[in-house]
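Colleague: Below you will find the structure I want to go over with you.
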Amino acid sequence: MTAEGLIRKAALVLFGLGVVVVAWVSLLPQESLPPVGLWDKLQHLVAYGALAVTGGVAFPGSRRLLVLGAWLILLGGALELAQSQVPGRFGSLGDALANGLGVALGLAAAHLWARLGRRSA
């Protein structure tokens, strides 16, 4: 397997684990949330940015990045809505916007990664 293949496989594993962790933490009751020490919106931006970067490396290509971005934004929105059913939690438009900004920044980073990789090849 090539180095690029190994990187894509590792990114796929990290992406899958990241989706599970983000969904799990998003649906934990308020009193069960681990203290992170970051501003709430920054937590959302970083989490969804990391999902977008790892997903973008795992699924390269402009069309795939667009599909991935739409899917991640829908996931973030769905999890925000689902939080209304979790004790002590509520959905937030601000959190959904931070999720979307993280997705956009992460996809831009993944796109840049792919372009730089093509130039060096």
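Colleague: So which residues in the stretch 22-38 are farther than 18 Å from GLY91 by Cβ and among the hydrophobic types (A, V, I, L, M, F, W, C)?
Modeller: VAL36, LEU38 - these are the residues of the stretch 22-38 that are farther than 18 Å from GLY91 by Cβ and among the hydrophobic types (A, V, I, L, M, F, W, C).
Colleague: Just need a number here: residues in the stretch 10-41 that are in a helix (DSSP H, G or I) and either hydrophobic (A, V, I, L, M, F, W, C) or surrounded by 13 or more Cβ atoms within 10 Å (Cβ to Cβ) (or both). Even if it seems obvious, please write down each step before you answer.
Modeller: Residues of the stretch 10-41 in a helix (DSSP H, G or I): 10-26, 30-32, 40-41.
If we keep only those that are either hydrophobic (A, V, I, L, M, F, W, C) or surrounded by 13 or more Cβ atoms within 10 Å (Cβ to Cβ) (or both) too, we end up with 10-26, 41.
The qualifying residues number 18.
Colleague: Now a separate question. Please tell me if ARG89 is at negative phi, among the charged types (D, E, K, R) and part of a helix (DSSP H, G or I). Quick ask: steps written out before the conclusion?
Modeller: On the way: at negative phi: yes; among the charged types (D, E, K, R): yes; part of a helix (DSSP H, G or I): no.
In short, no.
Colleague: From the list GLY16, GLY61, GLY88, pick out the single residue that is at pLDDT below 95 and closer than 22 Å to THR2 by Cα. Working first, answer last.
Modeller: Numbers: GLY16 fails: at pLDDT below 95; GLY88 fails: closer than 22 Å to THR2 by Cα.
That would be GLY61, the only listed residue that is at pLDDT below 95 and closer than 22 Å to THR2 by Cα.
Colleague: Is the stretch 23-30 home to any residue that is within 14 Å of ALA96 (Cα to Cα) and touching a residue at least 40 places away in the same chain (Cβ under 8 Å)?
Modeller: Checked against the condition, which is being within 14 Å of ALA96 (Cα to Cα) and touching a residue at least 40 places away in the same chain (Cβ under 8 Å), the stretch 23-30 yields at least one hit.
Colleague: While we're looking at this one, here's another question. Name the pairs: first residue in the stretch 77-98 and without any contact (Cβ under 8 Å) to a residue 40 or more places away in the chain, second residue surrounded by fewer than 15 Cβ atoms within 10 Å (Cβ to Cβ) and of a type in the set (Phe, Trp, Tyr), Cβ to Cβ under 8 Å, at least 6 apart or on different chains?
Modeller: Matching pairs, first to second residue: SER84/PHE90.
Colleague: Follow-up. Whether any residue in the stretch 101-112 is among the β-branched types (Val, Ile, Thr), under 18 Å from LEU42 (Cα atoms) and free of Cβ contacts under 8 Å to residues at least 40 places away in the same chain is what I want to check.
Modeller: The first filter runs over the stretch 101-112 and keeps only residues among the β-branched types (Val, Ile, Thr), leaving 103.
Then drop every residue that is not under 18 Å from LEU42 (Cα atoms), which leaves 103.
Then drop every residue that is not free of Cβ contacts under 8 Å to residues at least 40 places away in the same chain, which leaves none.
No, that holds for no residue.
The values are calculated or read from the model by the stated rules, or taken from the named source; none is laboratory data. As the structure is a computational prediction, the values presented were derived from the model and not from experiment. When we count neighbours, we look across all protein chains shown, and the Cβ atoms used for this are built from the backbone with ideal geometry, even at glycine.
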